[in-house]
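Asker: Following this message is one structure expressed as C-alpha cells.
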Amino acid sequence: MRTIGLIGGLSWESTVIYYQIINQRVRERLGGSHSANSLIWSVDYTTVEDLVFAGRWDEVSRMLTGAGRKLEEAGAEVLLVCSNTFSRVSDDVARAASVPVLHIADVVAAQARARGMRRVGLLGTRFTMEQPFYRDRLAAQGFEVVVPPREQRELVHRVIFEELVRGVLRESSRDAFARIVAGLADAGAEGVILGCTEIELLISEKDTAVPVLPSARLHAEEAACFALGG
C-alpha cells in the first residue's frame with residue numbers, strides 16, 4: 001500500500017472528510033480492520049486565508065510546496081492539496097515533488113466525463129468561480145463551465161468563509177445553495193461541481209434535483225484507489 005500525503009487544514013473541517021473517506025475505502029477493499037498509510041500536514045488556515053485575500057499567491061505556493069516536500073521526506077508516495085481554491089498552486093507542488101500529485105479538478109473532470117456530462121455548473125469560493133485557474137483546467141478537458149450570477153457567487157463565497165470553514169451549518173444556507181444549484185440546472189448544467197471541499201458539509205445529492213459532483217469525496221476516493229495500486 002502506498003503512503004498518502006495530505007496537504008490539509010484548508011480547512012481542517014474538510015480535511016476530516018478526506019481522512020475518513022480514504023480509510024473507509026481502504027477498509028472496504030481490504031476488509032477487516034485495515035486502514036490507510038497516510039500522513040497529514042495541516043496548515044493554520046487563517047494564515048493562508050489572509051495571504052489569499054491579500055493576493056499573495058507566491059507565498060501560498062511556497063508554503064504548500066514546502067508542506068509537500070516535508071510529506072515526501074516523511075515517506076509520502078502521492079500528494080494531494082485538499083482544496084479546490086488552493087489547487088491554484090497544485091502545479092507548483094507537483095513541480096517541486098518527485099512523487100505524483102493528484103489534482104482535484106482532474107479527478108472531478110474524470111467523474112463528470114464518466115457520467116456523460118459536458119456542461120457543468122461550478123460552486124466554490126469567489127476565487128474558484130471567477131479566476132481562470134480552475135475553469136480553464138476543466139475547459140481544456142472539453143467541459144463548458146457555468147457559474148451563478150454575481151449576487152449568488154457572493155452569497156456562496158460568504159457562506160464558505162463565514163460559516164462552513166468554521167463548522168457552522170445553517171438550514172437557511174442549505175436552502176439557498178439548493179436554489180442556486182437549481183438555477184444552474186435551469187441554465188443547462190447537467191451536473192454541478194461542489195467545487196469547495198467544505199460545501200459537502202452542507203449539501204449533497206439528496207438536497208438537489210440535478211446530480212452533484214462532491215470534489216473532496218472524489219479526490220479522497222481517487223487517493224485511496226491510487227494507494228492500493230489501481
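Asker: Does segment 117-130 hold any residues that are farther than 20 Å from Thr15 by Cβ, open to solvent by less than 50 Å² (accessible area, probe 1.4 Å) and not in a strand (DSSP E or B), and which are they?
Answerer: Across segment 117-130, the qualifying residues are Met117, Met129.
Asker: Let me ask you something else. Of the residues that sit in segment 72-104 and are surrounded by 24 or more Cβ atoms within 10 Å (Cβ to Cβ) and in contact with a Phe, Trp or Tyr (Cβ under 6 Å, 6 or more places away or on another chain), which one is farthest from Leu228 (Cα to Cα)?
Answerer: Thr85
Asker: Against the definition (touching a residue at least 40 places away in the same chain (Cβ under 8 Å) and surrounded by fewer than 18 Cβ atoms within 10 Å (Cβ to Cβ)), how does Gly5 come out, yes or no?
Answerer: no
Asker: Testing Thr65 on (1) free of Cβ contacts under 8 Å to residues at least 60 places away in the same chain; (2) within 22 Å of Arg158 (Cα to Cα), one condition comes back false. Which one is that?
Answerer: (2)
Asker: For segment 174-230, give me each residue that is surrounded by 15 or more Cβ atoms within 10 Å (Cβ to Cβ), in a helix (DSSP H, G or I) and without any contact (Cβ under 8 Å) to a residue 24 or more places away in the chain.
Answerer: Matches in segment 174-230: Ala176, Glu205.
Asker: Any idea how many residues of segment 131-148 are open to solvent by 60 Å² or more (accessible area, probe 1.4 Å), hydrophobic (A, V, I, L, M, F, W, C) and in a strand (DSSP E or B)?
Answerer: Total satisfying the criteria: 0.
The values are calculated or read from the model by the stated rules, or taken from the named source; none is laboratory data. Please read all numbers here as calculations on a predicted model, not as lab measurements. Cβ sites come from the backbone with ideal geometry, for glycine too, and all protein chains shown count toward neighbours. Keep in mind that these areas ignore ligands, DNA and RNA; they rest on the heavy atoms of the full protein, side chains included. Shrake-Rupley method; radii C 1.70, N 1.55, O 1.52, S 1.80 Å.
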